[in-house]
Amino acid sequence: MAKYGGGCLCGAVRYRTDAAPINERVCHCRLCQKALGAAFNARVLFRIDEVTIDGPVATVNSSPDLKRGFCPGCGTTLFSRRDSTG
Ligand SMILES: [Zn+2]
Ligand SMILES: [Zn+2]
(Lines give C-alpha, C1' and ligand atoms only; values in the text may rest on other atoms or scores of the structure.)
(Ligands and ions follow the chains in the order given, each with its own letter.)
Protein backbone atom coordinates (compact mmCIF):
# COMPACT_ATOMS: atom_id res chain seq x y z
CA MET A 1 0.00 0.00 0.00
CA ALA A 2 1.27 3.44 -0.92
CA LYS A 3 2.52 5.69 1.85
CA TYR A 4 0.55 8.67 0.55
CA GLY A 5 -2.47 8.40 -1.68
CA GLY A 6 -5.85 9.83 -2.43
CA GLY A 7 -8.17 10.89 -5.15
CA CYS A 8 -11.12 12.99 -6.17
CA LEU A 9 -14.75 12.90 -5.11
CA CYS A 10 -16.00 10.80 -8.04
CA GLY A 11 -13.04 8.39 -7.99
CA ALA A 12 -11.90 9.00 -11.58
CA VAL A 13 -8.52 10.40 -10.52
CA ARG A 14 -6.24 8.62 -8.05
CA TYR A 15 -2.71 9.48 -6.95
CA ARG A 16 -0.14 7.69 -4.85
CA THR A 17 3.50 7.72 -3.84
CA ASP A 18 5.85 5.80 -1.58
CA ALA A 19 8.31 8.68 -1.44
CA ALA A 20 8.85 10.90 1.57
CA PRO A 21 7.62 14.46 1.13
CA ILE A 22 10.22 17.15 0.45
CA ASN A 23 8.31 19.41 2.84
CA GLU A 24 4.91 20.09 4.35
CA ARG A 25 3.34 23.53 4.36
CA VAL A 26 0.16 25.39 5.12
CA CYS A 27 -0.37 28.19 2.61
CA HIS A 28 -2.73 31.06 3.38
CA CYS A 29 -2.20 33.00 0.15
CA ARG A 30 -5.21 34.47 -1.65
CA LEU A 31 -4.79 32.17 -4.67
CA CYS A 32 -4.86 29.01 -2.54
CA GLN A 33 -7.87 30.29 -0.62
CA LYS A 34 -9.78 30.93 -3.82
CA ALA A 35 -8.64 27.78 -5.62
CA LEU A 36 -9.67 25.54 -2.74
CA GLY A 37 -12.60 27.52 -1.38
CA ALA A 38 -11.04 27.29 2.07
CA ALA A 39 -9.15 29.42 4.56
CA PHE A 40 -5.84 27.69 3.84
CA ASN A 41 -4.16 25.00 1.78
CA ALA A 42 -2.50 22.21 3.79
CA ARG A 43 -0.23 20.44 1.35
CA VAL A 44 2.80 18.18 1.01
CA LEU A 45 5.45 18.56 -1.69
CA PHE A 46 6.82 15.63 -3.72
CA ARG A 47 9.09 15.29 -6.72
CA ILE A 48 6.76 15.00 -9.73
CA ASP A 49 8.45 11.84 -11.03
CA GLU A 50 7.85 10.05 -7.72
CA VAL A 51 4.08 10.48 -7.84
CA THR A 52 1.80 8.19 -9.86
CA ILE A 53 -1.41 9.74 -11.15
CA ASP A 54 -4.20 7.70 -12.73
CA GLY A 55 -7.17 9.16 -14.55
CA PRO A 56 -7.95 12.35 -16.41
CA VAL A 57 -6.60 15.56 -14.91
CA ALA A 58 -7.47 19.04 -16.11
CA THR A 59 -5.24 21.97 -15.22
CA VAL A 60 -5.66 25.69 -14.91
CA ASN A 61 -2.92 28.28 -14.42
CA SER A 62 -3.62 30.32 -11.30
CA SER A 63 -0.48 32.34 -11.99
CA PRO A 64 1.93 32.26 -14.95
CA ASP A 65 4.13 29.46 -13.59
CA LEU A 66 1.69 27.59 -11.34
CA LYS A 67 -0.72 24.97 -12.65
CA ARG A 68 -3.50 23.61 -10.45
CA GLY A 69 -4.80 20.15 -11.32
CA PHE A 70 -8.38 19.08 -10.81
CA CYS A 71 -10.77 16.33 -11.84
CA PRO A 72 -12.77 17.38 -14.93
CA GLY A 73 -15.64 15.14 -13.84
CA CYS A 74 -16.30 16.30 -10.28
CA GLY A 75 -14.13 19.41 -9.99
CA THR A 76 -12.12 18.26 -6.96
CA THR A 77 -8.89 20.23 -6.56
CA LEU A 78 -6.04 17.72 -6.42
CA PHE A 79 -2.62 19.33 -6.64
CA SER A 80 -0.52 22.07 -8.07
CA ARG A 81 2.78 22.09 -9.88
CA ARG A 82 5.23 24.80 -10.70
CA ASP A 83 6.35 24.95 -14.33
CA SER A 84 9.57 26.81 -13.55
CA THR A 85 11.14 24.23 -11.23
CA GLY A 86 9.53 21.12 -12.76
ZN1 LIG B 1 -13.57 13.21 -9.92
ZN1 LIG C 1 -0.83 29.59 -1.71
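The values are calculated or read from the model by the stated rules, or taken from the named source; none is laboratory data. Since we're looking at a predicted model, the values are computed, not measured. Cβ placement follows ideal geometry from the backbone for every residue including glycine, while neighbour counts extend to all protein chains displayed. Accessible surface areas use protein heavy atoms only, side chains included; no ligands, DNA or RNA. Shrake-Rupley method; radii C 1.70, N 1.55, O 1.52, S 1.80 Å.
The figures follow:
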{"quantity": "Top-ranked residue of the stretch 27-61 - restricted to ones that are among the basic types (Lys, Arg) and near ligand 2 (Cβ under 10 Å from one of its atoms), ranked as farthest from GLY7 (Cα to Cα)", "calculated": "ARG30"}
{"quantity": "Of all residues making up the stretch 62-72, the number that are open to solvent by 50 Å² or more (accessible area, probe 1.4 Å) and either more than 16 Å from ligand 2 (Cβ to nearest atom) or in contact with a Pro (Cβ under 7 Å, 6 or more places away or on another chain) (or both)", "calculated": "1"}
{"quantity": "The listed residue being in contact with a Gly (Cβ under 8 Å, 6 or more places away or on another chain) and at negative phi, out of CYS71, CYS32, CYS27", "calculated": "CYS71"}
{"quantity": "Qualifying strands (runs of 3 or more DSSP E) (wholly inside the stretch 24-86; at least 2 residues being among the β-branched types (Val, Ile, Thr))", "calculated": "52-54, 58-63"}
{"quantity": "The stretch 15-58, residues that are within 14 Å of ligand 1 (Cβ to nearest atom), open to solvent by 40 Å² or more (accessible area, probe 1.4 Å) and in contact with a Phe, Trp or Tyr (Cβ under 9 Å, 6 or more places away or on another chain)", "calculated": "TYR15, ILE53, ASP54, GLY55, VAL57"}
{"quantity": "Residues of the stretch 1-19 satisfying the condition of being aliphatic (A, V, I, L, M) and modelled with pLDDT of 95 or more", "calculated": "LEU9, ALA12, VAL13, ALA19"}
{"quantity": "Qualifying residue in the stretch 3-14 (condition: surrounded by 11 or more Cβ atoms within 10 Å (Cβ to Cβ) and over 17 Å from CYS71 (Cα atoms))", "calculated": "yes"}
